[in-house]
Structure formats: C-alpha cells, structure tokens
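The block underneath contains the structure these notes are about, expressed in structure tokens.
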Amino acid sequence: MTRPVVGNLVEQETVEARVAAGDAPDWVAEHWRTFDDGLTGTFGGEPFPCYFGSESVEQGEPLYTAVPSTTDPDALFQLGENLLTYLERYEDLPARASLVAFFKPPEGAFSEAEYHETLWNVLQFLHVHDPEPWPEEIPTDPDDEHWEFCFGGDAMFPTCRAPFYDDRRSRYSPVGLEITFQPRRLFERVGVTADTEAGQTARDVIQDRIENYDGIPHHPDLGDWGVDGDREWPQYLFEKDPEQSPDEAPIRVTREHPKVDRLIQAD
C-alpha cells in the first residue's frame with residue numbers, strides 16, 4: 001500500500017496511484033489533476049512557460065505533500081518536517097526535483113489579500129520554527145536584492161499558484177494555494193542562475209513563453225535574484241490587485257536562533 005499524500009512526503013507515482021485508486025481526498029485529487037494538466041498540458045495551444053518544471057513533472061521527478069490546514073500548527077510542523085527531509089534528500093534526487101505542497105482549500109471563497117496573508121503566515125511559521133540558523137550570506141531584509149526565503153540552512157524560491165489568477169494562467173490553481181519549493185542549489189545544478197549565459201537565455205525564453213501562454217505581458221515584478229532593483233519576495237505570489245497585495249514583505253526575519261525548538265527536536 002502506498003503512503004497517504006496528506007501529511008507525508010511522497011513521490012509523484014504515489015500521488016498518481018492514490019488518486020487513480022480513489023484513496024486520496026477529493027481536494028488532493030483535484031489539486032493533482034489541475035497541477036499536472038497545468039504543467040504538462042497546453043492552454044490556448046501554448047505549453048507551460050517554465051519548460052524545466054513541465055519536463056520535471058512529465059518525468060515524475062518532484063516530491064509532494066498535501067497540507068490539511070494553513071493555520072493548524074501540527075499541519076505546519078509536519079510541512080516543516082517534510083521540507084527538511086526533502087532538503088536532506090535533494091542531492092540524491094534528479095536535479096530538477098522540487099517539493100510541491102498542496103494546501104486544503106478554505107471553506108468559503110478567499111480574496112487575493114487572504115491568499116497573500118496565508119502564504120506569508122506559512123513562511124513566517126517555518127522561519128520561526130527553523131531548526132537551522134539563517135544563512136550568514138543571506139541578508140535578513142527582504143528589501144535587499146540578495147534576500148530570499150531560507151529554511152533548513154537552504155536558500156530557496158517558493159513559487160505559488162492560486163485561484164485568483166484567472167487572467168494569468170501560468171500561476172492559476174482553481175483549487176487552492178500551491179507552493180513549489182525550489183532550493184537555490186536546484187538552479188545551480190541545472191545551470192540556470194541569473195549570472196550565467198544559460199540562465200539569461202532560459203529567462204528570455206521563459207518570459208516569451210509566459211506572454212504567449214498567458215496572453216498578457218509577463219508580470220512587472222518578474223526579475224532575477226541579486227540584480228539591482230529586483231526583489232524576490234513579490235515573485236512568490238505575484239500581485240493582481242495592488243489594493244489587496246502587500247507593499248512590504250509581511251515577514252520578520254531574524255538571526256536569533258533557535259527561536260523555537262520543536263523541529264530541532266524532531267530533526
């Protein structure tokens with residue numbers, strides 16, 4: 001019997017098997033179907049813009065977890081444990097293997113503002129319970145071009161899909177919040193960091209594909225880590241309505257360590 005997706009860290013074949021057998025909750029099954037369709041299918045005849053991500057899903061490379069609550073501490077502690085396990089295993093995984101987290105959708109309709117709040121509450125929770133100190137080389141100020149979210153000693157890019165992106169299909173999830181965690185070493189292993197020619201080429205190709213796929217220009221906040229004038233945090237969950245999106249990163253990052261030791265004890 002395969003492991004349940006909810007609360008566990010599982011491989012893609014397990015998600016597929018659970019969904020096919022009817023052994024996953026409806027919200028997990030719908031997350032998986034729409035995620036798979038979004039990344040490996042086409043929209044308006046156009047393929048998903050990030051070909052690294054789509055090829056990775058086609059090859060069954062990512063790991064997955066389903067989180068039954070965006071607020072319950074036990075659910076978020078389990079997310080933290082699964083993220084730590086993924087980071088520990090990463091070097092033995094395919095280079096493009098990310099961790100995809102499906103969150104149980106809210107009971108009623110959520111506004112864009114509530115999705116922004118949800119994302120940053122999750123990231124703040126992970127930071128407060130991080131078993132590793134914030135990396136010395138990464139600034140703690142999100143307004144620094146070299147800032148990015150860190151957990152377990154790894155800098156990473158947590159990119160999101162959400163239901164309010166009905167006009168930006170590359171970021172659209174009809175079910176609820178999805179976070180794909182990609183450590184910076186993933187981009188380094190694939191060789192597409194912004195300071196390389198291959199990275200700049202990939203960025204140009206993906207931006208062109210975004211405009212073709214979405215039918216609108218790429219988001220003005222799309223940028224590169226470490227580039228003067230660019231900021232990473234707004235790219236995690238792009239704003240749609242400026243009135244509902246934060247002007248500053250709603251996270252407080254400190255080098256104080258440990259702040260809470262539950263995940264240290266569980267590590």
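Since every read-out is calculated from the coordinates, none of them should be taken as a lab result. Please read all numbers here as calculations on a predicted model, not as lab measurements. Note that each Cβ is placed from the backbone with ideal geometry, even for glycine, and that neighbours are counted across all protein chains shown.
Data for the structure
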quantity	calculated
P(r) of the stretch 1-85 over all Cα-Cα pairs, binned every 5 Å from zero, in whole percent	3, 15, 22, 22, 20, 13, 5, 2, 0
Whole-number Å³ per residue for the convex hull built on Cα positions in the chain	127
Cα gyration tensor, the stretch 36-98 - rounded (a/c under 1.5), prolate or oblate	oblate
q = 0.09, 0.19 Å⁻¹: log10 I(q)/I(0) that the Debye formula gives for the stretch 10-145, counting C-alpha atoms only	-0.33, -1.37
Centroid-to-centroid separation of the stretch 1-49 and the stretch 109-158 [C-alpha atoms, Å]	25
Proximal charge balance of residue 175 [Cβ under 14 Å; K/R count +1, D/E count -1]	-3
Neighbour net charge for residue 151 - beta-carbon separation under 11 angstrom, K R +1, D E -1	-4
Theoretical gain in end-to-end length, residue 51 to residue 89 [0.36 nm per residue, Cα-Cα removed]	11.3 nm
Local net charge near residue 186, Cβ-Cβ under 14 Å (Lys/Arg +1, Asp/Glu -1)	-2
Computed E for residue 111/residue 145 - FRET, C-beta separation, R0 25 angstrom, nearest 0.05	0.25
Additional length obtainable on full extension of the chain from residue 37 to residue 8, 0.36 nm per residue less Cα span	8.2 nm
Helix-only [θ]222 nm of the chain, DSSP H runs n ≥ 4, -39500 (n - 2.57) each, per residue, nearest 500	-11500 deg cm²/dmol
Beta bridge orientation in the chain: antiparallel %, DSSP, nearest 5	70
